[in-house]
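Inspection log for the structure reproduced underneath, given as structure tokens.
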Amino acid sequence: MSLLIQSFDDEVKELAQKIYNTQFQRDPKLGEEYDQRQKRLMYEDILYNLGYLFTAMKFDDKRIFAEYAAWIYTLLYYLMQNIDKKRIAQHMTDHYEILTEELLEYLPPEMGRQAEDIIKTAIEITNKYVDEMSGDKTYRSAKYMDIKNEYMGHLLANNTRGAMEVIQKVKESGIPLEDIYIHILQDVMVEVGDMWHRNVISVDKEHYFTAVTQMVLSQFYSEIFGNPRIGKRVLSCCVGSELHEMGIRMVSDLFELHGWESVYLGAAVPKDSLLKAISEHSPDLVALSVTIPIHLDLCYELVMEIREKYPLVKIAVGGRAFQTTNKLWEKWKVDVYTENADQLIQWADEHMLGSKPSQ
């Protein structure tokens, strides 16, 4: 089990087991369609479903669970090739109906109605995706398409040296380092995540692609850390048990390139450790990254505690989790939300260094 699964308390696990048992009782055909591994994953998915639902309820944000419903249906569509897409949708809608029944009994009335309303939206999204599902995905940006395709080709061929040489040649050609980070490597890693989601690559491949890209980034450290310092410091990390650190690592690297001192804490940073690091390093800016929406709750707690204990520190948040919300960051006591490192540096230049944004 993942660290995230282990974090659920016994009461939630008991509720998940009850929902799991009910679904197999009502639809005995599932026992024939699912192998033992798929049955185990189904139970874990129910725990995730509850986690995402409770997060959506806490922040009164339907979009969090709706986006997750679309994500989980897409995952199952590509993963369960032996089952028709309409049958998968039936599995999901049956599950959501059972989830509603159990939560109306489990939760206080007002919270139960809130859960019911959020789940209704998830059912609508799932049924919509049955008709709109497509296997075609492309990079979000067409910029540097040939380079991205060449780099991805080497990754898919397990050619570490070739991948590293592609990016080295790109740097020698004069393409700015910011573009290499954000418009090439970040784009590729987002596509890698989508490929795993569509069951095009296995998780070991995803980890290999990530490791190679981390080695590629290390090629630039002499340049990144060799620039003059400007007397500002940024502290950056992933929140909680979050392990998706590539984006926040790029933030730290590019701030270093722009003359900031960076304190990069990496992935899975506990709350107490982060607060201790802020006290020790006295950063001007704290950048927090969240990829999995379930961790938004912990991020919110961190933001509130940082704001209370260190009111002069600027706080930035980012990561895919925020993109699945209705601008949740606007309700928090943060100074800025950005989608990538380049946007955050531009904001810092304007609001912390007094520089005018480039036209």
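Computed from the coordinates by the stated procedures, all read-outs in this text should not be read as laboratory data. Worth saying up front: this structure is predicted, and the values here are computed from it rather than measured. Please note: Cβ atoms are built from the backbone with ideal geometry, for glycine as well, and neighbour counts cover all protein chains shown.
Assorted remarks:
- Label-point separation, residue 35 to residue 205 (7 Å along Cα→Cβ), nm: 1.8 nm
- For the range 145-219, diffusion coefficient by Stokes-Einstein and Kirkwood Rh (Cα), 10 °C, 1.306 mPa s, µm²/s: 129 µm²/s
- Among 286, 264, 180 - extreme Cα towards positive end, dipole of the chain, charges at beta-carbon: 180
- Its Kirkwood hydrodynamic radius, worked out from the mean inverse distance over all distinct Cα pairs, puts the range 262-301 at 11.1 Å.
- Ordering 283-290, 332-339, 96-103, 304-311 by mean Cβ neighbour count within 10 Å, with the highest value first, yields 283-290, 96-103, 332-339, 304-311.
- Relative contact order for the chain: 13 percent, from Cα pairs under 8 Å spaced at least 6 residues apart, divided by residue count.
- At full extension, residue 159 and residue 97 could sit 17.6 nm farther apart than now, given 0.36 nm per residue minus the alpha carbon distance.
- All Cα pairs of the range 212-279, percent lying beyond 16 Å: 49 percent
- Cross-link pairs exceeding 28 Å in C-alpha to C-alpha distance, out of 232/271; 128/205; 18/120, comprise 128/205.
- Chain lengthening between residue 229 and residue 327 when straightened (0.36 nm per residue, less Cα-Cα): 31.9 nm
- Taking Cα centre as origin and charging only the Cβ of basic (Lys, Arg, +1) and acidic (Asp, Glu, -1) residues, the dipole magnitude of the range 145-219 rounds to 180 debye.
- Residues 204, 94, 342, ranked from the fewest to the most other C-beta atoms within 10 Å, line up as 204, 94, 342.
- Candidate aspartates and glutamates for bridging to residue 327, where Cα separation is under 14 Å - those fewer than 8 sequence places away on the same chain excluded: 60, 61, 67, 335, 339
- Considering only 11, 261, 165, the Gaussian network model of the chain with Cα springs below 10 Å gives its largest mean-square fluctuation to 11.
- Compared with the rule-of-thumb size 2.2 N^0.38 Å for a compact globular protein, the range 224-351 has a Cα radius of gyration ratio of 0.95.
- Using every pair of separate Cα atoms, the Kirkwood estimate puts the hydrodynamic radius of the chain at 22.2 angstrom.
- Here the calculated FRET efficiency for residue 60 and residue 142, from their Cβ-Cβ distance with R0 = 41 Å, stands at 0.65, rounded to the nearest 0.05.
- Once the Cα-Cα distance is subtracted from the 0.36 nm per residue extended length, the residue 26 to residue 87 segment shows a gain of 20.5 nm.
- Comparing Cα centroids, the range 264-339 and the range 9-68 end up 28 angstrom apart.
- Pairs of alpha carbons in the range 1-108 separated by more than 20 Å make up 39% of all such pairs.
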